[in-house]
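The values are calculated or read from the model by the stated rules, or taken from the named source; none is laboratory data. Everything numeric in this text was worked out from a predicted model, so none of it was measured. Note that we place each Cβ from the backbone using ideal geometry, even for glycine, and neighbour counts take in every protein chain shown. Calculation scope for accessible area: heavy atoms of the full protein, side chains included, ligands and nucleic acids excluded. Shrake-Rupley method; radii C 1.70, N 1.55, O 1.52, S 1.80 Å.
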Number of protein chains: 2
Amino acid sequence: MLTAHTIKILQSLDKKKFRQKYNLFLVEGNKIISELPNSNFKIKEIFSTDPKNLVCKDVEITQISENELKKISFLRNPKDSIAVCELLEEPQFEDKDFQLVLDGIQDPGNLGTIIRLADWFGIEQIICSEDTVDFYNPKVIQATMGSFLRVNMVYCNLTEYLSTTENTNVGTDMEGENIYQFEKPKKINLILGNEGNGMRDETEQFLHKRISIPRFGKSQSTESLNVSMAAGIILGQLFKV
Amino acid sequence: MLTAHTIKILQSLDKKKFRQKYNLFLVEGNKIISELPNSNFKIKEIFSTDPKNLVCKDVEITQISENELKKISFLRNPKDSIAVCELLEEPQFEDKDFQLVLDGIQDPGNLGTIIRLADWFGIEQIICSEDTVDFYNPKVIQATMGSFLRVNMVYCNLTEYLSTTENTNVGTDMEGENIYQFEKPKKINLILGNEGNGMRDETEQFLHKRISIPRFGKSQSTESLNVSMAAGIILGQLFKV
């Protein structure tokens with residue numbers, strides 16, 4: 001049984017303000033929930049219509065009805081279970097040899113896709129400007145398909161960060177070096193800018209190298225690629241073996 | 001002014017059945033509508049809140065209110081104008097040297113993204129199984145960002161088609177050849193399967209070559225890439241110069 005009070009709190013967790021107030025966020029679906037115990041994330045409680053199929057030791061599991069699940073799920077088609085998890089403490093971080101840096105990515109689907117890409121390519125850390133969409137946003141968590149468990153997410157003042165990092169800062173630019181000729185630096189920050197406006201001027205000033213994906217279609221009307229697709233194509237090229 | 005009858009017809013065009021019955025589909029937004037006269041598509045009529053900004057000769061433009069636009073738009077945030085266009089006649093088609101072949105892609109966002117990718121890479125034609133989502137679906141048209149104007153879409157019986165094409169049929173397979181070592185055949189059909197089930201057995205039997213994108217992340221829990229992202233990474237590699 002879910003109390004009205006609990007429902008109200010859980011429903012509020014689609015907003016960053018309330019996630020931070022309660023220090024909680026939601027993870028949906030048995031498959032991903034089962035991976036939580038092997039991650040840095042702490043589960044506070046699980047609500048499930050199907051607890052038998054959940055392997056999570058030492059966690060309180062409350063059986064709920066399909067109707068109750070609908071009330072607390074952020075999915076159009078709710079799955080079987082919802083885990084209420086604690087936010088991670090702000091991490092101390094050190095640069096990794098291959099990082100993504102996000103400057104104001106706004107769309108939750110794009111951030112989720114980029115986290116999923118990072119996981120695929122074994123990129124362990126993503127540095128985000130403070131105004132990048134919150135990765136605890138339920139739409140982001142969902143779009144990552146569980147990959148948020150394996151990628152360290154850091155939010156910080158980008159200008160400060162970029163002025164001190166020793167990685168080579170690489171950004172995309174229409175006039176940049178063709179990615180097919182580009183030689184990957186040993187330690188690299190691949191910087192991806194906002195969907196509409198690209199990266200900020202303050203970020204651009206810290207670029208060491210600029211790269212571009214050549215367009216093979218001949219029409220001038222063709223829109224540039226979506227930021228997550230561009231990221232996928234660039235990573236596909238930089239990780240080439 | 002929009003009559004109730006017109007509104008009803010336009011609203012019905014989110015369903016394939018009604019698009020085929022009326023032989024019509026919708027294109028939204030001045031930017032893409034302005035490109036229609038240079039394409040194969042015929043505009044029947046335009047409804048616009050802002051006709052002054054539209055450059056479309058010889059087409060009847062009806063000024064409507066913001067409220068009327070909301071009623072006939074399929075977008076959450078309707079733009080300025082909606083063009084009512086005629087479906088193309090079923091094309092006679094000939095194989096091109098580089099084609100995509102879609103076997104049961106269901107998600108309109110994925111199809112739209114794949115059409116946009118095709119346009120970026122200058123791929124002129126996509127062959128679809130009859131159960132692939134209809135590209136006139138308003139969500140597909142939207143996701144293409146205008147690229148549907150430049151890519152020839154063919155729906156046909158795939159088994160029949162694949163048994164006669166002279167292109168090399170290449171599909172993705174976990175056990176396939178690493179895309180970074182793969183040599184692109186001169187005439188190629190890159191086959192992409194359904195989001196959940198991959199390609200059908202009947203399709204697979206026509207494969208000449210199998211390729212795979214190596215995963216660099218080490219976790220076995222990492223989900224495979226979404227079909228449109230996989231397509232982007234593969235195309236990025238095959239078009240390499």
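Here is how the numbers come out for the structure above:
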read-out: Residue within segment A:232-239 that is away from chain B (no Cβ under 14 Å), surrounded by 17 or more Cβ atoms within 10 Å (Cβ to Cβ) and within 25 Å of B:GLY146 (Cα to Cα) present; value: no
read-out: Test: residue in segment B:99-119 that is modelled with pLDDT of 95 or more and more than 14 Å from the chain's Cα centre (by Cα); value: no
read-out: Residue list for segment B:208-231, filter: at the interface with another protein chain (Cβ under 8 Å from one of its Cβ atoms), closer than 18 Å to B:GLN106 by Cα and in contact (Cβ under 8 Å) with a residue 40 or more places away in the chain; value: B:ASN226, B:SER228
read-out: Filtered residues of segment B:128-145 (kept if within 27 Å of A:PRO214 (Cβ to Cβ) and either open to solvent by 20 Å² or more (accessible area, probe 1.4 Å) or over 10 Å from the mean Cα position of the chain (by Cα) (or both)); value: B:GLN142, B:ALA143, B:MET145
read-out: Hey, A:PHE135 of a type in the set (Phe, Trp, Tyr) and at pLDDT 95 or above or not; value: yes
read-out: Strands (runs of 3 or more DSSP E) (entirely within segment B:146-227) containing at least 2 residues that are open to solvent by less than 70 Å² (accessible area, probe 1.4 Å) and within 30 Å of A:GLU35 (Cβ to Cβ); value: B:168-178, B:188-193, B:209-212
read-out: Selection count where residues are among the small types (Gly, Ala, Ser) and at the interface with chain A (Cβ under 9 Å from one of its Cβ atoms), scope segment B:119-144; value: 1
